[in-house]
Amino acid sequence: MKSIKFAMPSLKEAKLRKNIDIETVRYTLEDKYKDLGKGKSYYIFTYGCQGNEADSEVMSGILENIGYTLSTDPMNSDVVLLNTCAIRENAEQRIWGVLGQLKGRKREHPDMIIGICGCMPQEENATNKILESYDFIDLVFGTHNRDHLPQLIYQAYLTKAKVVEVLSNQGNILEDAPKVRASKHKAWVNIMFGCDEFCTYCIVPYTRGRERSRAKDDIIAEVKELVANGYKEVTLLGQNVNAYGKDLGIDYTFGDLLYDLDKTGIERIRYTTSHPRDLDEKTMLAMRDCKSVMPHLHLPVQSGDNDILKIMNRKYTYEDYMAKITRLKELVPHISITTDIIVGFPNETEEQFQNTLKLCHNVGYEGAFTFIYSPREGTPAAKMPDSTPEDEKKQRLLRLNEVINAGYKKGHERFLNKVVNVLVDGESKNGEGMMCGYSENLKLTHFKSTDMSLVGKTVKVKVTEAKTWFMIGELCE
Ligand code: SAH
Ligand code: SF4
Ligand code: F3S
C-alpha cells in the first residue's frame, strides 16, 4: 500500500499560497504508538542547514518518545533516517552515495526501516527517482510531515510497504514537540519557518513552504526554559529572520524579539539568516543595546553586482547593502561580518565578478560560504541561458576564496594579544591537552586545558596566535 500525497508547487502556485491560513499543531501522541520503538534503536544522518539540524533534534525527540534509543552505528540500527538537503546538486549527490551503502545492509537486515526526509523529498523529481530506483527505502516524507513520524513508522511496520507522504502545502507550525538537543549548553531555537523571498536560484521557498512565524510567547517561553535548564547560548533560526512577525500582522518585529529575549537572562544570542533588504534599524540598535546579542552578523550578499542582484531577485543594490554595513559598523564597531556568495550565476561576466571582489574588499568580511551556482529544477534561474564555461566558474571560486581566506585570518589577527570570552564546547580536535569553544565574535578558539568541568562555561582566553581557521590562546587564571 502506498500513500502518496504529492505535488511540488509551481512558482505561480507557491506565490499564491499567502492566502491560505497557517495552522499551529500542538504535538500529541496516540496511545497505540507509545511503545513502537521499545528495545529498538535509531540513527539520523543530517545534511544541510541549521534548520535541518533543529528538525533532526525534533525527530530524535519523537523517536525517543515512542521508545527508540539512539544508536552509535547507523548500519546496525532498526530505523535509519536521512534528513536531506536539496540546495545544490552536490548536496544531493552525497545522499545518493549513502543510500548506495545502506542498500547492501538492508538486504542482510530486511527488518531495518530506512527513511528519507527533509528537503529532497519535497522535489518532485527527487521523489520520483527514489520511488523508481531505490526500492529498498521504506519511508519518504517531506519537511511538513515530521510530526507524523509515529504514524509513518507504524504504517511501515504494519504494511511492510513503502510509505510516502510529501505534502506540498504551505506548512504548519509544530509546537510542544519533544526534542533531544545535541548540546547541553547551546540550542537552536526556530523563530520562523519557510521563505517567501523567491530568489531566482533557490529551492528553499518550494521545499520549506510559506514564511510563517512562531508566536512570540512560545519563543520566549522556550528560551526561558533553556535558561532554567542551564543553557548559555541560543541561535535563533529562520531563512529570513528579519521578516519575523510580518505574516502575523502584528506590530512586533525581529528587533523587538531581540530586546525581549535579552531580558530572559540567556547569556548569548545569535541568529541566522538575515536578509539584507529586511535588516532594519531596530535590529541594529538591539545589537548595540543588548548585552546578550553577540557581535557577529551573517549577512548573505550573493553578489556585488547590481544587474546580477536584480536577476537574482534579491531586492537590494550594492549601495543599499553597503549603507547597512556602514550603519552597523557605526553602531557596533567591534562587529564581525560574514556572508554567502554565489559565483557563476547564469552569464555572470568577469566585470560583474570583479564587482563582487570589490564588495568583499569594501566590507572586510571575516568569513564566507562561497558556492558555484547550481541550477535547481523548478526555479526561474534554471531556465536562464548560461554561456559562462564551468572552468571559468571554478577559477572565479578559487580567486574569491583567496580573498575570503585572507579575511578569515585578518579577523583572527585583530584579537592578537587581547582577552576574549570563550564559551567552552569541549576537547579540541586540534591536539591533545587542548580544549576549544567560540568567542563572542564567533571565532573558534583553542587553549591548553584538560579540565572538562569548563564545558558549558565562559572563560577568558588571551589570544597568542591567529591562524586562518582558528585562534590559539592561553586560559587566564
Ligand atoms: N536563507 C538564507 C540562506 C539559504 S541557503 C539566505 O537567504 O541567505 C544558503 C546559501 O546557499 C545561500 O545564501 C546561497 O548563497 C546558497 N545557494 C542557494 N541556492 C543556491 C544554488 N542554486 N546554487 C548555489 N548556491 C546556492
Ligand atoms: Fe533562498 Fe532567498 Fe529564501 Fe534565502 S532568502 S532561502 S536564498 S529564497
Ligand atoms: Fe538544504 Fe533545505 Fe536547508 S535545501 S539548506 S536543508 S532549507
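For trypsin sites (Lys or Arg not before Pro), the sites in the stretch 431-474 that DSSP calls loop and that have at most 16 other Cβ atoms within 10 Å are K457, K467.
What trypsin sites (Lys or Arg not before Pro) does the stretch 21-74 have in DSSP loop regions with at most 15 other beta carbons within 10 Å? Show your work: numbers first, answer last.
On the way: sites: R26, K32, K34, K38, K40; in loops: K34, K38, K40.
Passing sites in the stretch 21-74 are K34, K38.
Of the trypsin sites (Lys or Arg not before Pro) in the stretch 134-172, the ones in a loop by DSSP (not H, G, I, E or B) with at most 16 other beta carbons within 10 Å are K160. Along the stretch 186-194 the Karplus relation, 6.51 cos²θ - 1.76 cosθ + 1.60 evaluated at θ = phi - 60°, assigns HN-Hα couplings of 10, 9, 7, 10, 5, 10, 7, 10, x Hz to successive residues, with x for each Gly and Pro. Taking 18 Å as the cut-off, the amide N atoms of the stretch 184-205 that come nearer than this to a point 7 Å along the Cα-to-beta-carbon line of N313 belong to 194-205. Placing a pseudo-label 7 Å from each Cα along the Cα-to-Cβ vector at L131 and A161 gives an inter-label distance of 1.3 nm. Per-residue 3J(HN,Hα) values for the stretch 221-238, derived from phi via the Karplus relation 6.51 cos²θ - 1.76 cosθ + 1.60 with θ = phi - 60°, read 4, 5, 5, 4, 5, 4, 4, 4, 8, x, 6, 9, 9, 10, 10, 7, 10, x Hz in sequence order (x marks Gly and Pro). For the stretch 390-419, backbone nitrogen atoms closer than 18 Å to the point 7 Å from E350 Cα along Cα-to-C-beta are found at 390-401. Simple point charges give the picture: +1 on the Cβ of Lys and Arg, -1 on the Cβ of Asp and Glu, and for the chain a dipole about the Cα centre of about 340 debye. The Cα trace of the stretch 105-201 gives Rg and Dmax of 15.8, 46 Å, the first to one decimal, the second as a whole number.
For the stretch 285-346, the dipole from Cβ point charges (+1 on Lys and Arg, -1 on Asp and Glu) about the Cα centre works out to 220 debye, to the nearest 20.
For the stretch 47-140, rounded, prolate or oblate, judged on the Cα gyration tensor with a ≥ b ≥ c (square roots of eigenvalues), a/c < 1.5 rounded, else prolate if a/b > b/c? Walk me through the numbers on the way to the answer.
Details: a/c = 1.80, a/b = 1.12, b/c = 1.61.
Here the stretch 47-140 falls in the oblate category.
Rounded to whole numbers, the Karplus 3J(HN,Hα) couplings from phi for the stretch 391-407 are 4, 4, 5, 5, 4, 5, 4, 4, 5, 5, 5, 4, 5, 5, 5, 5, x Hz, using 6.51 cos²θ - 1.76 cosθ + 1.60 with θ = phi - 60°, and x at Gly and Pro. For the chain, the list of Cys residues with no other Cys C-beta under 4.7 Å reads C49, C85, C117, C119, C195, C290, C360, C436, C476.
Rounded to the nearest 20, the Cβ-based charge dipole of the stretch 221-333 about its Cα centre (Lys and Arg +1, Asp and Glu -1) stands at 220 debye. Remark on A368: its backbone amide H falls under 5 Å from those of T339, a criterion applied only to residues 5 or more positions apart or on other chains, H modelled at 1.01 Å from N. Per residue, the convex hull spanned by the Cα atoms of the chain amounts to 158 cubic angstrom. Translational diffusion of the stretch 351-477 was estimated from the Stokes-Einstein equation, with Rh taken as the Kirkwood radius over Cα pairs; at 10 °C and 1.306 mPa s the coefficient is 94 µm²/s.
Give the calculated FRET efficiency between R327 and H109 to the nearest 0.05, with a Förster radius of 56 Å applied to their Cβ-Cβ distance. Step by step, r from the Cβ atoms, then E = 0.45. Remark on D278: its backbone amide H falls under 5 Å from none of the residues 5 or more positions apart or on other chains, H modelled at 1.01 Å from N. Kirkwood radius, the stretch 383-423, all distinct C-alpha pairs, inverse of mean reciprocal distance: 13.3 Å. Spacing of the modelled spin labels on K383 and Y252, each 7 Å from Cα toward Cβ, amounts to 4.0 nm. Once the gyration tensor of the Cα atoms in the stretch 119-159 is diagonalised, the equivalent ellipsoid follows with semi-axes of 19, 15, 5 Å, ordered largest first.
Throughout, read-outs are computed from the coordinates displayed, never taken from laboratory work. Owing to the predicted nature of the structure, the values given are computational and were not obtained by experimental measurement. Neighbour counts are summed over all protein chains in view; Cβ atoms, including those assigned to glycine, are modelled from backbone coordinates with ideal geometry.
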